[in-house]
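Enquirer: This is the structure I have questions about; it appears just below.
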Amino acid sequence: MGFPDKPSAHLLGANGTYILSGSADRAIRLYNPFPSTSAPGEDRHSVPQGRLIQTYSAHGYEILSLSVAADNERFVSAGGDRSVFLWDVGTAVTTKRFGGNVHGHSSRINCVSFAGEGDSIIVSGGFDTSVRLWDTKSSSFKPIQVFEEASDAVTCLAVRGPEVLAGSVDGRVRSYDIRMGKVTTDVIGAPVTSLSLTRDGRAMLVGSLDNKLRLMDRDNGSCLRAYTDPAWKNEDVKLQALLGGKEKYVMVGDAMPGEAAPNGQGRIWAWDLLTGKLAAKVTVPWGPQGFEPKKKAVGRDGKEKTRSNVVSCMAWREDGWGDQFCVGGTSGVVTVYGAL
């Protein structure tokens, strides 16, 4: 499944049947990754190509985050526009937009998520250091709540029941209990770029820009396990990490494939959740035939360079409990894999 520009956010639908992907080209695309018939001219021995079902166009800037409602009938998107877009999946139109005025974010929105009963609330986090809550059922376009405790950009969100977790470049993860009106802060130190909760909500996987992933105990704030490798580097790129294989694996892409990955290929790293040992490294090809020219780019020095496929976003079917996952990166291709 290819894009004119790199996919910057993507996820599987709530039932894992479809892939929704946002891109730097300002478009959102809905794919069926497993069409029943091959595309015209497709080699029956080649990797099958996903089928584009719908394109959603309204953004004026790159899309940085997506979230799909549990009923699969709505999704929300955000990015450089400084507005939150609420979409109807079937009609491909925006039903509401939040922000873009004095009540919204003052700069790009890095992350969005549905929350609340019936996914009636949208949570957004932005470069302006704030987290904002929006009521989709209200006629008002003002946020119903604003959290401004972070001292630097909010990069990632996780939602569980009445709790909203927000990771920030200031090196903290803040857990807001909406019902109790309480905030708890976990100090990571390095800029936080990824958050993922365990199924029982008692631990969280935190990605940060110090070449480490950490599994944190939410009760006492201790680090249960750290995941790292001398060959895995992440110091300046936002990489999405997640729990997959029924929480057997900790997974993340690779920010600097370099010479270790030939032909610009990317890599996925998987550690055993309990032992912390590296379980697998999966090669991510640049893309299908026809995408080779995208490997070349002109550097700041004016010389042509070969780009690496930095795998920055991924999603696992049924929140890590299914048997497929998909990844995307700078190649502009979303690739679907079976379970490890």
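Enquirer: Between N110 and residues 5 or more places away or on another chain, which pairs have amide H atoms under 5 Å apart, with H built 1.01 Å from N, and which residues are they?
Expert: G125, G126, F127
Enquirer: By average Cβ neighbour count within 10 Å, what is the ranking of 80-88, 319-327 from highest down?
Expert: Listed from highest to lowest mean packing, they are 80-88, 319-327.
Enquirer: Give the long-range amide H neighbours of G171: residues separated by 5 or more places, or on another chain, with amide H under 5 Å away, using H modelled in the peptide plane at 1.01 Å from N.
Expert: V192
Enquirer: Expressed in nm to one decimal, what extension gain is obtained for the pair V187 and N101 from 0.36 nm per residue of sequence separation less their Cα-Cα distance?
Expert: Difference between extended and current length: 27.7 nm.
Enquirer: Give a residue-ordered list of calculated ³J(HN,Hα) values for segment 107-118 (Karplus: 6.51 cos²θ - 1.76 cosθ + 1.60, θ = phi - 60°; whole Hz; x for Gly, Pro).
Expert: Couplings: 8, 4, 9, 8, 7, 9, 7, 6, 7, x, 5, x Hz.
Enquirer: Sticking with this one: Using the Karplus curve 6.51 cos²θ - 1.76 cosθ + 1.60 with θ = phi - 60°, work out ³J(HN,Hα) for each residue of segment 170-179 in order, rounded to whole Hz, and write x for Gly and Pro.
Expert: 6, x, 10, 10, 10, 10, 9, 8, 5, 5
Enquirer: Also, I was wondering about something else. Can you give the extra length, in nm with one decimal, that the chain gains between T283 and T17 once fully stretched, where that is 0.36 nm per residue apart less the Cα-Cα distance?
Expert: Using 0.36 nm per residue and subtracting the Cα-Cα distance, I get 93.4 nm.
Enquirer: Continuing with the same structure: With a Förster radius of 35 Å, plug the Cβ-Cβ distance of S151 and E117 into 1/(1 + (r/R0)^6) and report the FRET value to the nearest 0.05. It would help to have the intermediate numbers written out before the result.
Expert: On the way: r = 32 Å, r/R0 = 0.91.
Computed FRET efficiency for S151 and E117 comes out at 0.65.
Enquirer: Continuing with this model, one more query. Arrange the peptides 279-287, 129-137 so that the one whose residues have, on average, the most other Cβ atoms within 10 Å appears first.
Expert: Output ranking for 279-287, 129-137: 129-137, 279-287.
Enquirer: Checking the table K233/K277; K137/K182; K182/K233; K212/K248; K212/K246; K182/K248 against a 28 Å threshold on Cα-Cα, which pairs fail?
Expert: In this structure, K182/K233; K182/K248 exceed 28 Å between Cα atoms.
Enquirer: Still on this structure: Give me the number: length gained by fully extending L52 to Y337, i.e. 0.36 nm times residue separation minus the C-alpha to C-alpha distance, one decimal in nm.
Expert: 100.8 nm
Enquirer: Taking amide H atoms as placed 1.01 Å from N in the peptide plane, list the residues 5 or more away in sequence, or in a different chain, whose amide H sits under 5 Å from that of Q145.
Expert: L133
Taken together, the values in this text are just the output of simple stated rules run on the coordinates, not laboratory data. Remember, it's a predicted structure, so these values are computed and weren't measured experimentally. Cβ atoms come from the backbone with ideal geometry, glycine included; neighbour counts cover every protein chain shown.
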